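Nothing in this text is a laboratory measurement; each read-out follows from the coordinates by a stated rule. Just so it is clear, the model here is predicted, and its values are computed rather than measured. A quick note on method: Cβ atoms are made from the backbone with ideal geometry, for glycine too, and the neighbour counts reach across all protein chains shown.
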Amino acid sequence: MKVYSGSNNNEAPYTPLVSDWFGQVISPALLFRFELTSSAFIFSATRSHPALCHPEARAGLFLAELWKYDVAEFFLTDPITNHYLEFNLSPEGAHWSAEFRAPREAIREINDPAITSRGERRSDGWNAQAVLPLAWLQEKFHFGPASRLNATFILDSPKQRFLSASDLGEGEPDFHRPGAYPTISIISEW
């Protein structure tokens, strides 16, 4: 999974997702990116299409069950403990996160005030961003070159279409497949 380093003065490019879990075309595409600065890990997503958000979602708010509505997510594995982080980001900018010891075996929710999120939802689309302190990720999840990362999305609620940036295998949509997440690739020039 590409993670763009902040050493370049150009804005990091977005990666488009054009099909859902079952290979059906998503139009318009969803765009996302991961960025690193000297102090932060940044996840951004945008789409030129309306979103249905959790009715209590507000920028910066820690809120469970965002996945019942449109949501951008990422999953990050810890290469030392094999635990993983699930992070949900609403188009409104609310967020939720938890640490898992194994697929769907949560250890704890993570409501850390150092994690910030924001979003802007308009009638013609949305964009959202989460900022996690890099030192925090390194301490809590041993973030580095051996980390595995995947971006996932639930769109078009209430119908709900499931998207994954990486191929997680066959069957019904299931984002909790940490063994299938790709290792990060830090890109410093683009």
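Taking the options Glu35, Glu65, name whichever one is charged (D, E, K, R), surrounded by 18 or more Cβ atoms within 10 Å (Cβ to Cβ) and within 16 Å of the chain's Cα centre (by Cα). Within the list Glu35, Glu65, the selection yields Glu35.
Taking the stretch 73-189 as the region of interest, the strands (runs of 3 or more DSSP E) fully inside it that hold 3 or more residues being closer than 30 Å to Gly23 by Cβ and in contact with a helix residue (DSSP H, G or I) (Cβ under 7 Å, 6 or more places away or on another chain) are 84-89. Checking each residue in the stretch 27-46 for being in contact with a His (Cβ under 9 Å, 6 or more places away or on another chain) and either of a type in the set (A, V, I, L, M) or closer than 17 Å to Thr152 by Cβ (or both) picks out only Leu30.
Across the stretch 106-127, what is the total count of residues that are closer than 19 Å to Pro28 by Cα and either without any contact (Cβ under 8 Å) to a residue 40 or more places away in the chain or surrounded by fewer than 16 Cβ atoms within 10 Å (Cβ to Cβ) (or both)? Residues in the stretch 106-127 being closer than 19 Å to Pro28 by Cα and either without any contact (Cβ under 8 Å) to a residue 40 or more places away in the chain or surrounded by fewer than 16 Cβ atoms within 10 Å (Cβ to Cβ) (or both): 5 in total.
I'm trying to understand the selection: among the residues of the stretch 72-105, which are free of Cβ contacts under 8 Å to residues at least 24 places away in the same chain, under 16 Å from Asp174 (Cα atoms) and surrounded by 12 or more Cβ atoms within 10 Å (Cβ to Cβ)? Matches in the stretch 72-105: Asn88, Ala102.
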